[in-house]
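For reference, the structure is listed below as structure tokens.
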Amino acid sequence: MDTMDLYRRAQGGFDAVLAAVRDDQWDTPSACTEWSVRDVAGHVVWGQRQLRAWAGGQDYAETAGAPGAPHPAVLAGTNPVETWRAAAVAELTEEELRRPVSLPGLGEIPVAGIVTLLITDLVAHSWDIGSAAGQDVRLPPELVDVAFTWARANAVRRPGFFGPELVPPGGADEQTRMLAFLGRRAWAPVPAGVSGSRRGGSHR
């Protein structure tokens, strides 16, 4: 699959998870520190709107959904599923994918690089929302591979971004290892009296 095919698959997985959230679960705390499920949805909407602006050569000044923002839920609205679907960017031209964007810490990269970043974002936040809503989220292996590769090269560990890397249990699958690298505990708690790995959370 090319980058946009992988991106649309990540969008489809996120959409399925989001659509399965019950009305009474939107304000449930998520794995992202201080963010509810609705906050995570708002952050993802923000990312899509940012991508659309950058692909069109425009600035994007909205910060309400940025990593570490206090209340991204405002961008999700009263119907996060419909808000997400209206914001989702499904197609980009070759010209748009080549357009340069300057990002703090990453320098100047083409929009295609932003798409790969957002694949990681969609994969991680599919799990964040699904786990908070009691869903068993199994991420496609090819998307886990893209997210893990991107994270190893680019993860920023500071408040509002990625939390400390966790140590997964022996024999953990690639999804669990990738999520642990991103600061997410995707395995059952260790029983009392047994040593275990650190807990942590992250926004991106």
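The values are calculated or read from the model by the stated rules, or taken from the named source; none is laboratory data. Predicted model, so just to flag it, every value in this text is computed and none were measured. In this analysis, Cβ positions are derived from the backbone assuming ideal geometry, glycine residues included, and neighbour counts consider all displayed protein chains. Accessible surface areas use protein heavy atoms only, side chains included; no ligands, DNA or RNA. Shrake-Rupley method; radii C 1.70, N 1.55, O 1.52, S 1.80 Å.
The distance separating the Cα centre of segment 1-46 from that of segment 90-112 comes to 22 Å. In nm, to one decimal, how far is the Arg99 label point from the Val81 one, both placed 7 Å along Cα→Cβ? Reported label-point gap for Arg99 and Val81 is 3.1 nm.
Per the Cα gyration tensor, segment 1-67 maps to an equivalent ellipsoid with semi-axes of 23, 18, 9 Å, ordered largest to smallest. From its DSSP helices (H runs of at least four residues, each -39,500 (n - 2.57)), the chain gives a residue-normalised ellipticity at 222 nm of -14500 deg cm²/dmol. Counted by Cβ distance under 10 Å from Trp127, the other residues give a net charge of +1, where Lys and Arg count +1 and Asp and Glu count -1.
For the chain, the longest principal axis of the Cα atoms and the long axis of helix 111-132 meet at an angle of about 40 degrees. Solvent-accessible surface of protein heavy atoms, probed at 1.4 angstrom with all chains present, puts Ser30, Ser102, Ser131 in the order Ser102, Ser131, Ser30, largest first. Plainly put, the chain has a radius of gyration that is 0.95 times its Kirkwood radius, both from alpha-carbon atoms, as the Rg/Rh ratio. Each distinct pair of alpha carbons in segment 91-141 adds a 1/r term; the inverse of their mean, the Kirkwood radius, is 12.7 Å. Pairwise Cα distances in segment 42-128 exceed 21 Å for 27 percent of all pairs. Dipole check for the chain: with +1 at the C-beta of Lys and Arg, -1 at the C-beta of Asp and Glu, and the Cα centre as origin, the magnitude is about 600 Debye.
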